[in-house]
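The values are calculated or read from the model by the stated rules, or taken from the named source; none is laboratory data. On a predicted model such as this, the values are computed, not experimentally measured, just so you know. Note that we place each Cβ from the backbone using ideal geometry, even for glycine, and neighbour counts take in every protein chain shown. The accessibility values were calculated without ligands, DNA or RNA, using every heavy atom of the protein model including side chains. Shrake-Rupley method; radii C 1.70, N 1.55, O 1.52, S 1.80 Å.
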Amino acid sequence: MSFDTTKCGDRIEVRASYIAFRDDQPTFDDFIDVAVDHIIPFCLPRSEIRAAKDALCKGDHVAVGRTMTRLSEKARALFIKAKKGSHRSGEAGEIILYILNEWILQAPQIVSKMYLKTNNQMPVHGTDGIHARYDDSNKKLYLYWGESKAHANLTSALASALDSISDFVQKAHEKREIEIVASHADLDGLDDKSKEAILRYLDPYDENSNDRVASHSCLLIFQYAKPPEAELGKAEAAFREMVQATVENFVADIKKAVEGKNLSPQRFEFFLLPVPSVQAFRDKFQSKIGWPHD
């Protein structure tokens, strides 16, 4: 969906998407399936995934099936282990944010937090993801610190996200995140210019580090009230109208909310996603990856 975000200023961007409709109903279960399908690239380094690609190129379809099964099982186990260790729910918000960062922002994930949390036993809590994009036209490196929140309403999701980002800024966690990228960046498959730029722009002794631009990429998942019954074939239009009003209110108020947290110098990329039920969003995802309910 499209919105005029001019009033937000040049440091805040707001986007909103919604789950596609089929025959007047949101394709919620299909949406969860899509999230689950991305668990391998979200959780595992690209170097591990390359083995399956190499087998496919060689025409070894048996090896492809065996490798993909192993990767899927490993990714699901890593996700569950990391989430249980952090005492957070198994919601798929971080994976959806991963998809949006790679698709909309064209910024690949350069560190798999899930992989580091479970394989290095290191304190990597902070952001929900680290993505980067090198723009050769202006010679800048764009870093995106991920933050995903799923709440019953949009106001609560935003408040929680801004609290987390405020803590991130006040405790200077960005320095730690950059150290993690410098030490554990997964650059397999990126073009040579992007690889070189990421390594140079993260070096505080390199003058190019002054052309590094960091933004907080925030996914806010919220539960929407069921729209009034619409005529057959008009349910999606009625839903879009309801979401449009919600997001326009968000756009009108977001700059003031950011200022209220003393975060005006920060850059933001907000992604808004309404779902029929936040709890069902969590439960269905957990069920799909084989995580038994507590």
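Within region 127-172, if we keep just the residues that are hydroxyl-bearing (Ser, Thr, Tyr) and not in a helix (DSSP H, G or I), the residue that is nearest to residue 93 (Cα to Cα) turns out to be 148. When we screen 49, 40, 96, 80 for residues that are in contact with a strand residue (DSSP E or B) (Cβ under 7 Å, 6 or more places away or on another chain) and of a type in the set (Val, Ile, Thr), the only hit is 96. Residues in region 173-229 that are assigned to a loop (DSSP other than H, G, I, E, B) and among the small types (Gly, Ala, Ser): 185, 189, 225. Inspection of region 148-155 identifies at least one residue that is in contact (Cβ under 8 Å) with a residue 60 or more places away in the chain, under 30 Å from residue 242 (Cβ atoms) and in contact with a Lys or Arg (Cβ under 8 Å, 6 or more places away or on another chain).
Taking region 152-163, which residues are in contact with a strand residue (DSSP E or B) (Cβ under 6 Å, 6 or more places away or on another chain) and not aliphatic (A, V, I, L, M)? If the condition is that a residue be in contact with a strand residue (DSSP E or B) (Cβ under 6 Å, 6 or more places away or on another chain) and not aliphatic (A, V, I, L, M), then 153, 160 are the ones that fit. Residues in region 264-274 include none that are charged (D, E, K, R) and over 20 Å from residue 214 (Cα atoms). Being at pLDDT below 85 and small (Gly, Ala, Ser) is the filter here, so list the residues in region 39-91 that pass it. If the condition is that a residue be at pLDDT below 85 and small (Gly, Ala, Ser), then 47, 51, 52, 55, 59, 63, 65, 82, 85, 86, 89, 90 are the ones that fit.
Within the group 98, 134, which residue is under 26 Å from residue 32 (Cβ atoms) and either touching a Leu at 6+ places or on another chain (Cβ under 7 Å) or in contact (Cβ under 8 Å) with a residue 12 or more places away in the chain (or both)? Step by step, each of 98, 134 is checked, and only 98 is under 26 Å from residue 32 (Cβ atoms) and either touching a Leu at 6+ places or on another chain (Cβ under 7 Å) or in contact (Cβ under 8 Å) with a residue 12 or more places away in the chain (or both). For region 239-290, which positions are small (Gly, Ala, Ser), open to solvent by 30 Å² or more (accessible area, probe 1.4 Å) and part of a helix (DSSP H, G or I)? Once the filter is applied, which keeps residues that are small (Gly, Ala, Ser), open to solvent by 30 Å² or more (accessible area, probe 1.4 Å) and part of a helix (DSSP H, G or I), region 239-290 yields 245, 252, 257, 260, 287. Restricting attention to region 196-234, the residues being buried (at least 18 other Cβ atoms within 10 Å of the Cβ) and more than 19 Å from residue 161 (Cβ to Cβ) number 5.
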